[in-house]
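Trainee: Provided herewith is a single structure, encoded as structure tokens, for subsequent inquiry.
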Amino acid sequence: MITQLPIINLLLFLGMALIIPLFKKRSFSLTTNLGLGVLFLVWISSIVLLYHVITEGAFYYQLGNYDRMLGIELLINTFSVLFSLFIVSLVIIIYIYSTGDATEGVAEKEYGRYYILLFILLFAMLGILYTNDLFNTYVFMEILSITTVSIISIKRKKENYTAAFRYVMLNEVGSLSYLFGVALLYMITGYTNIELVSEGVQSGWSLYPANILTAIGFMVTGIGIKAAIFPFHIWLPDAHSTAPSSSSAILSAVVVKVYILIMIKILFRVFGIDIIQAVHIPTVLLVIASIGMIMGSIFAIAQTDVKRMLGYSSVAQIGYIVMGIGMVSMLGLQAAFFHIFSHGLMKAALFLSVGAVIYHKKIRNVNEFDGIGFQMPVAMFVFSIAALGMIGVPLTTGFISKLNLGLAALDAGQVVLIVVLIVSGFLNALYYLPIMISAFLKDNKDQQRVMRVEKIPKTMLVPLVVLGGLIIAIGLFPGELLSLLEAAALSLT
Amino acid sequence: MGLFKKEGKTCNMPYVKKKGFFGSFTIQSSLVVLFALVFIALFIIGVRGDLGILSFVQDIYVLRVIYDFLIHLAILPVIIIAFPVLGVFGLMLFGRNSCNSRDMIVIFMTLFTILFTLFMYPAVLEEGVHLTIPSILWLGISFSVDMLGFTMLMITSLLWLLVMVYAHEYMKKEMHCNRFFVFMGITYSAVLGTIMAGDLLTLFLFFEIMTFASYMLVIHGQREDSYHAGYNYIFMGIIGGFAILVAMMLLYFTVGDLAFTSGIATLGELGAMKYWIIGLLVFGFGIKAGMAPVHVWLPRAHPVAPTPASALLSGIMIKLGAYGILRVATSYYFPLEGTPGGDPVWLTTHAVGSAIIWLGIITMAVGVFFALQQSNIKRMLAYHSISQMGYIVMGIGVALYLGDLGAMGYAGAIYHIINHALFKSLLFMVAGVVFYHTGESNMYKLGGLWRKLPLTATVCLIAALGISGIPLFNGFISKSILHHGIVEAHYYGHGLFYYAELIFIVISAGTVASFIKLFYYVFLRKMPEQYKSIKPEYNNLDTAMAVIAIIIVFIGLNPRFIMTTFIVPQLNSMPYSSEFVQTYIVGLTFFTTEDLLTMLVVVIMGFGIFIFGTKFHLFHLKIPYWLSLEYLVFYPMNWVIRNACQLMYGDECKYNEKTLKRLALKNNKEIGFLDRFVIMANVFNVRYEGRMIKSDAFIYTVFITGVLVFMLVMRAL
């Protein structure tokens, strides 16, 4: 039974997406409650799977019982299960928020469509994590980008269309680059199953270096576009800032991370450490990560729209993760994984709290945040916790990420990366602190200084508090998570 | 969320005056202070076995059980850290409607901290209090209190109690008192944690909390200048924190442990890395300590904070920077106990020490020079804090530089930490009282206040005599020990330190001149008309100040008490030559003719500087604007950008002239370094963001070609 759980998870999400239109005539809360039920089911099954994988080891699942040479194969190991659990947990929190937020700016008749898209998004993300097949990954990736485009453009505004169009064009280029890489690998090995391809690549490396080299180049670049790694970040700020707040949170905290996880899979499982080191991909990654960490923050400093600022901040934070990957060591990978978790939590908290401000006060400009802390204390407290985490203050997850990354950098013998890390942290402080200061310490002329919990739906407040609590809790006791992540990193090789 | 409910008018809420002698807040808090002092005295006397107090406690069963339980309580550090936080919750819950009960909660929480600190004394005397809490923050945190920590704890908690007593009265005239006391409590907790930290991670954790919590104290006034000062404070604090973080990573990576006992064996073999580590640590802690090149936040932040906060910032918090340097240097860079004097580990310490001595000397000089130029009392005191921190840092430098003979510098540094905490907070309190009654803090506009505020004038005189190092007051003791230290550095070490000693003397004279100036302009002279109506009554302000003044005189008259109780046990646990400690520290005679003569020279020079300076208007020098960093960096940058743009685009140059012009502003008060950086980022953004977004296909092509070519080339190589 347990071995059937992965496919059940996928089908649950797909099924949920399909039945939402059937409830069109019923009350909308029925849909959201049902969706929440499905999410919880998948959450529980992910926990069961995680326990199973840790105690009994990884297992394969052949779709339709076809042989792995022909059919699609799912690989359920610590890596895939842990990250699917992370995605589902984070999405549950954001989902609960989105039911209260009324997905700001979306027309009421579009609600159903929004949730359909959300569940297809989840289906695709879980599929990407589970699958052990390069071409299947491409299929899920396409599903994911098309749903993302629809979510971005669901607001029916001109700027959304522009952002969505730019997103779809760039991401298509990325997908096609990836597909080109897969084709090159298929040419050499004759398979698309990751393990078989990997064997073929190892043995064919001396025979067809040019093919493999080109394949690496195209695949890394293609996924780099989708993961918004620095020079390709150009679509991200617009897309993430125009989308409804809850989906900005999902896009920034989860979707981008999924692409990074694909990159990790490809680099470590398909090509292996030896080959990527032989072609100096780590150097490329470290360089673009470092530039991204600095430039993302510098662009963020100059933003006046708070959601655009958060988008650029994501660009910088993705740099941290890529940096961890680029170190090509166990420690680096573990640090990158931890930062995926910690950035997921922090960025979700930031987008959701800012979303609450936008929902309640209709303020988007960072210069208008004066005194907001008194009108919306919970949202701004959570914002502050997450922002301090971004700076890397102890007691938050951000500090543990920074510590891990720093130690990994020393382990890799790259002291200069620590300097980049510190400079980037300082630049983060430069744009997050003024917002906190003006929210809590400056007076708003129209409002009196009375601190009162904001009147926004409870379904928005509770997720915010939970996120803030999680940031501090994991920041205080990261040991368990780190050992799980170590197991996940080990399961990759 | 009722915390700030009454915000904005909290402190204007009626202070109900209860009838009766014991009903008045002043009397109550004075009694609390008295109780604390008596308890401290009894406890120390008891533990040292005099008067048979301990045997009295031992005889009564219940007392004995309680006593034994308390002194063997392993979680005492956590309790001590938790008390201020409990106080914060208490004042949020109960203190909402009455300022008196709120302030009583604050005072009592401080009192309990003192009592629990005292219960650590027996354990500290033996092997110290150690507590490890694994798994928090991944690496686990730990607490450890030895005599050095205990000394810091004592001075901190005592001073905090007095300042809280003072704050009750002072904060009546400020807004948002609840917020003030909440963050005061958090800061207190963080300060205690910093002192009791058993490893660098714990120290860093509490240090960061302290930085952020005390930011709220700095910015409390919420005026434009407090925001500027706060901006400076928080960003310098963050930079310092990052420096410590990097040092911590390097240390953990190379040694594998952060506890304050390790590192000796492996650090010796590290080569240049050990200098990087100590350099970063000194830089990081030095920012908090107000060390010379990175002191710039201090003279801005301390004056704008409300007086109780500035008293504690100058009295306690900057000391934590010095404490941090001392702690890491003595634990990581000192050889193990009992190793012979020629231990190679001393070589590193020697090199580090000589750098620190010079840093201290520069800090002293910079502080005093700028202090003489100030007209604002609190700014002047802040500059003196820098200068006095220079003394302490110099002492630490001597303690490191001379290896196993550095006990004199160590003793001087610790002694001066204690003394400076006392007289500098007292001086800030005096400045606060003057401001409280007159609303003026420019000393040139004040005068003759000794008639109106006789007690304040007296304590100010005592504190001024203390800081100037006049015999019979506490400053004399520590300054002469420090003087001995620098003379020894010259004697046992390098000849160059002869000049350091000369500078030391001149700076002490500058300090004297500066406080003659302060006392003359504020309390003597002719009184301006508008202050003739002041009618002060005895209140908490006076209680707090009087107690500190009494302690200052007590230390000045009994120099040996602090030495034998607090400092000699520390020296004995350090790898200093015990022979040296016995002869020169335990057997140190104060008030020798030589010391007194040096002091006489200093005082005469001080008067000379004061008279000379007032005659020739040397106290109002203007520092040229082009010397500032902002100007040197951004003016050329602005020039280059503008001209390059003109050259490339001619009249179509897209830069917004207005924003760019702000970059080159000559006035540094309006626009600081970071502001200019933000403007640069804006200019950059306007210029390149859109262009970058539009050139997506180009970026893709360039990148993929670049990567492929790079891989091919690297493979071919």
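The values are calculated or read from the model by the stated rules, or taken from the named source; none is laboratory data. Note that the structure is a prediction, hence the values are computed from the model and not measured. All Cβ positions, glycine included, derive from the backbone under ideal geometry; neighbour counts span all protein chains shown.
Trainee: With the structure loaded, tell me whether residue A:358 is outside any helix (DSSP H, G or I) and either modelled with pLDDT of 95 or more or surrounded by fewer than 24 Cβ atoms within 10 Å (Cβ to Cβ) (or both) or whether it fails that test.
Mentor: Here the answer is no, as residue A:358 does not meet what is asked.
Trainee: Contact list please: Cβ distance under 9 Å, first residue in region A:166-180 and at the interface with another protein chain (Cβ under 10 Å from one of its Cβ atoms) and free of Cβ contacts under 8 Å to residues at least 24 places away in the same chain, second residue of a type outside the set (Lys, Arg) and in a helix (DSSP H, G or I), pairs at least six apart or on different chains.
Mentor: That search, which allows pairs on different chains as well, returns A:169/A:235; A:169/B:696; A:169/B:697.
Trainee: Looking at A:363, A:385, which one is outside any helix (DSSP H, G or I) and of a type in the set (A, V, I, L, M, F, W, C)?
Mentor: Only one candidate passes the filter, namely A:363.
Trainee: For the list (1) away from chain B (no Cβ under 11 Å); (2) farther than 29 Å from residue A:78 by Cα, I need the number of the one condition that residue A:195 fails.
Mentor: (2)
Trainee: A follow-up question, please. Is it the case, given these coordinates, that residue A:212 is within 28 Å of residue A:490 (Cα to Cα), over 27 Å from the mean Cα position of the chain (by Cα), assigned to a helix (DSSP H, G or I) and in contact (Cβ under 8 Å) with a residue 40 or more places away in the chain?
Mentor: Against the criterion (within 28 Å of residue A:490 (Cα to Cα), over 27 Å from the mean Cα position of the chain (by Cα), assigned to a helix (DSSP H, G or I) and in contact (Cβ under 8 Å) with a residue 40 or more places away in the chain), residue A:212 qualifies.
Trainee: Next up: Hey, any hits in region B:619-627 for a residue that's at pLDDT below 80, within 30 Å of residue B:519 (Cβ to Cβ) and part of a helix (DSSP H, G or I)?
Mentor: yes
Trainee: Out of the residues in region B:343-361 that are assigned to a helix (DSSP H, G or I) and modelled with pLDDT under 85, state the one that is surrounded by the fewest Cβ atoms within 10 Å (Cβ to Cβ).
Mentor: B:347
Trainee: Still on this structure, I have one more. Out of all the residues in region B:677-686, which are crowded, with 16+ Cβ neighbours inside 10 Å, of a type in the set (A, V, I, L, M) and more than 7 Å from chain A (Cβ to nearest Cβ)?
Mentor: B:679, B:680, B:683
Trainee: Right, another one. Quick test of your reading of the structure: residue A:297 fulfils all but one of (1) of a type outside the set (A, V, I, L, M); (2) more than 11 Å from chain B (Cβ to nearest Cβ); (3) in contact (Cβ under 8 Å) with a residue 12 or more places away in the chain. Name the failing condition by number.
Mentor: Residue A:297 satisfies all of (1) of a type outside the set (A, V, I, L, M); (2) more than 11 Å from chain B (Cβ to nearest Cβ); (3) in contact (Cβ under 8 Å) with a residue 12 or more places away in the chain except (2).
Trainee: Here's another thing I want to ask about it. When region A:56-112 is examined, which residues are found to be part of a helix (DSSP H, G or I) and farther than 30 Å from residue A:485 by Cβ?
Mentor: Within region A:56-112, A:64, A:65, A:99, A:100, A:101, A:108, A:109, A:110, A:111, A:112 qualify.
Trainee: Just one of (1) within 14 Å of chain B (Cβ to nearest Cβ); (2) touching a Leu at 6+ places or on another chain (Cβ under 7 Å); (3) part of a helix (DSSP H, G or I) trips up residue A:268, so point out which.
Mentor: (1)
Trainee: Given the conditions (1) within 11 Å of chain A (Cβ to nearest Cβ); (2) buried (at least 20 other Cβ atoms within 10 Å of the Cβ), which single one is not true for residue B:282?
Mentor: It fails just one condition, (1).
Trainee: Could you check residue B:336 against (1) touching a residue at least 40 places away in the same chain (Cβ under 8 Å); (2) in a helix (DSSP H, G or I) and say which number it fails?
Mentor: (2)
Trainee: Now for a different question. Might you let me know whether region A:451-460 holds any residue that is at the interface with chain B (Cβ under 9 Å from one of its Cβ atoms), touching a residue at least 40 places away in the same chain (Cβ under 8 Å) and surrounded by fewer than 15 Cβ atoms within 10 Å (Cβ to Cβ)?
Mentor: Yes, that holds for at least one residue.
Trainee: Against the definition (free of Cβ contacts under 8 Å to residues at least 12 places away in the same chain, assigned to a helix (DSSP H, G or I) and either assigned by TED's automatic domain parsing to the domain that holds residue B:32 or buried (at least 22 other Cβ atoms within 10 Å of the Cβ) (or both)), how does residue B:579 come out, yes or no?
Mentor: yes
Trainee: With A:443, A:370 as the choices, which residue is outside any helix (DSSP H, G or I), farther than 28 Å from residue A:294 by Cβ and within 11 Å of chain B (Cβ to nearest Cβ)?
Mentor: Exactly one residue qualifies, and that residue is A:443.
Trainee: Does region B:587-606 hold any residues that are of a type outside the set (D, E, K, R) and buried (at least 17 other Cβ atoms within 10 Å of the Cβ), and which are they?
Mentor: B:588, B:598, B:599, B:602, B:603, B:605, B:606
Trainee: Let me ask something else about it. Under 7 Å by Cβ, and 6 or more places apart or on different chains, what pairs join a residue from region B:687-712 that is facing another protein chain (nearest Cβ under 7 Å) and more than 22 Å from residue A:213 (Cα to Cα) with one that is buried (at least 17 other Cβ atoms within 10 Å of the Cβ) and at pLDDT 80 or above?
Mentor: Going by the 7 Å Cβ cut-off, the qualifying pairs are B:689/A:299; B:692/A:234; B:693/A:234; B:696/A:170; B:696/A:234.
Trainee: Confirm whether residue A:92 is of a type in the set (A, V, I, L, M, F, W, C), under 20 Å from residue A:252 (Cα atoms) and surrounded by fewer than 19 Cβ atoms within 10 Å (Cβ to Cβ).
Mentor: yes
Trainee: Within region B:590-618, which residues are of a type in the set (Ser, Thr, Tyr), under 20 Å from residue B:484 (Cα atoms) and part of a helix (DSSP H, G or I)?
Mentor: B:593, B:598
Trainee: Consider residue A:377 carefully, then state whether it is facing chain B (nearest Cβ under 8 Å) and not basic (Lys, Arg).
Mentor: Criteria met by residue A:377.
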